[in-house]
């Protein structure tokens, strides 16, 4: 996965972002859209124009859903991934068909260690557990494998002369 320091992710594709520095100029200016509203649009149809006729739409609530599902010991990471594919991946695909020039950003709370990019399989995992098998394959479920190779980026933030990942961006989902 390549690193990105530009702001192109704000105007196209879809992202998951948790770092406050990346969100600092967006949060005060854009009213977040609840995840339930995005899922409603998926089922009933998207409005003609994005909220506020903006080039960027922030969606809140995905991390809460993921953490709630993970807290339920009867729900497996594969079941969570299936829910993501049916709802979030479907929303991302529909989004790009309806508003191709609008950035879709899933605002997360973090912290960063909840998101683990594994270079060996090029998957972003989500979860608090140490065992990767007990984490959700977030990028695979959300972006259907498009988060590997060309068009997939780690959003980088420079802090104290060191770089840290503050999110992930995918230009296109197949």
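The values are calculated or read from the model by the stated rules, or taken from the named source; none is laboratory data. Please read all numbers here as calculations on a predicted model, not as lab measurements. Positions of Cβ are generated from backbone atoms using ideal geometry, with glycine treated the same way; all protein chains shown enter the neighbour counts.
Return yes when residue 65 is surrounded by 19 or more Cβ atoms within 10 Å (Cβ to Cβ), under 16 Å from residue 142 (Cβ atoms), at pLDDT 95 or above and in contact with a helix residue (DSSP H, G or I) (Cβ under 7 Å, 6 or more places away or on another chain) and no when it is not.
No, not satisfied.
So which residues in the range 36-50 are free of Cβ contacts under 8 Å to residues at least 40 places away in the same chain and either within 19 Å of residue 8 (Cα to Cα) or under 17 Å from the mean Cα position of the chain (by Cα) (or both), if there are any at all?
36, 37
Which count do you get for residues in the range 1-35 that are crowded, with 19+ Cβ neighbours inside 10 Å, assigned to a strand (DSSP E or B) and more than 13 Å from the chain's Cα centre (by Cα)?
Qualifying residue count for the region: 1.
Would you call residue 93 surrounded by fewer than 16 Cβ atoms within 10 Å (Cβ to Cβ) and under 21 Å from residue 45 (Cβ atoms)?
no
Yes/no matrix, rows are residues, columns are (1) touching a residue at least 24 places away in the same chain (Cβ under 8 Å); (2) on the phi > 0 side of the Ramachandran plot; (3) buried (at least 22 other Cβ atoms within 10 Å of the Cβ):
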| site | (1), (2), (3) |
| --- | --- |
| 101 | yes, no, no |
| 108 | yes, no, yes |
| 125 | no, no, no |
| 154 | yes, no, no |
| 170 | yes, no, yes |
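Among the residues of the range 150-171, write down those that are touching a strand residue (DSSP E or B) at 6+ places or on another chain (Cβ under 9 Å) and either at pLDDT below 85 or more than 16 Å from residue 12 (Cα to Cα) (or both).
So the first thing to find is which residues in the range 150-171 are touching a strand residue (DSSP E or B) at 6+ places or on another chain (Cβ under 9 Å), and the list is 150-158, 163-171.
Selection gives 150, 151, 156, 157, 158, 163, 164, 165, 166.
Of all residues being out of contact with any strand residue (DSSP E or B) (no Cβ under 7 Å at 6 or more places or on another chain), in a helix (DSSP H, G or I) and over 16 Å from residue 170 (Cβ atoms) in the range 90-144, which is modelled with the lowest pLDDT? Just the residue, please.
133
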